[in-house]
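To start, the structure under review is shown below, and the notes come after it.
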Amino acid sequence: MLRKIIVIGSPGSGKSTFSRQLRDITGLPLYYLDMINHRPDRTTVSREEFDSRLTDILSTDEWIIDGNYQRTIETRLKCCDAVFLLNFPLEVCLAGAAARVGTKREDMPWVEEELDEEFRQWIVDFPNEKLPEIYQMLERYKDKNIVIFKSRQETDEYLKKFAKEYQND
């Protein structure tokens, strides 16, 4: 039974949507790293405060943690049972990020009013700058239950199957 789950991948890939669906199936508490790091006024907490809050979460028995925050992935990998990596095509991630503009979301403390150029560039750079490092880390944690999705259809099919299996446990 999965009790400690991390969901990682490019911005716009649907990590938060996937995480919410996992939460709804499992009843596990869900934590969004963006909500831990950002304040409603668009400032961020200190690195120490962020790390302290993350450590508190990791010390509990059950959780889903949504978000990359690359410098903390390895810390979370050490503690988790399962990793879900949403590795979707760039166009899908850009469209996903654009589609949520103007929408109030539980995973962000403000409504994004535009897909700003800096954030867009971060998504564009993700496959070449962040993804190789993520795959290197995953190689070191092969003992974990690692699931890599390449499309939204794969995530949808997995969740349907997972929900049926979870209900039967």
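The values are calculated or read from the model by the stated rules, or taken from the named source; none is laboratory data. Note that this is a predicted model, so its numbers are computed, not measured. We place every Cβ from the backbone using ideal geometry, glycine too, and count neighbours over all the protein chains shown. Surface accessibility is based on the protein's heavy atoms, side chains included, excluding ligands, DNA and RNA. Shrake-Rupley method; radii C 1.70, N 1.55, O 1.52, S 1.80 Å.
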Can you spot a residue in the range 132-142 that is basic (Lys, Arg) and touching a helix residue (DSSP H, G or I) at 6+ places or on another chain (Cβ under 7 Å)?
no
Looking only at the range 116-164, filter to residues that are more than 17 Å from Phe88 (Cα to Cα) and of a type in the set (S, T, N, Q); which one of those is nearest to the chain's Cα centre (by Cα)?
Asn145
Just give me the residues in the range 128-169 being in a helix (DSSP H, G or I) and open to solvent by less than 50 Å² (accessible area, probe 1.4 Å), in sequence order.
Leu131, Ile134, Met137, Leu138, Thr155, Leu159, Phe162, Ala163, Tyr166
Given the options Leu54, Leu58, Leu90, Leu115, name the one that is under 24 Å from Glu154 (Cα atoms) and not small (Gly, Ala, Ser).
Leu90
What is the one condition in (1) of a type in the set (D, E, K, R); (2) more than 16 Å from Gly14 (Cβ to Cβ); (3) under 18 Å from the mean Cα position of the chain (by Cα) that Glu113 does not satisfy?
(3)
If I go through the range 98-145 residue by residue, how many of them are without any contact (Cβ under 8 Å) to a residue 60 or more places away in the chain and β-branched (Val, Ile, Thr)?
4
Sole exception among (1) at pLDDT below 95; (2) closer than 19 Å to Lys160 by Cβ; (3) not β-branched (Val, Ile, Thr) for Arg42, by number
(2)
Those residues that are hydrophobic (A, V, I, L, M, F, W, C) and within 12 Å of the chain's Cα centre (by Cα), I need them from the range 21-34; list them, please.
Leu22, Leu30, Leu33
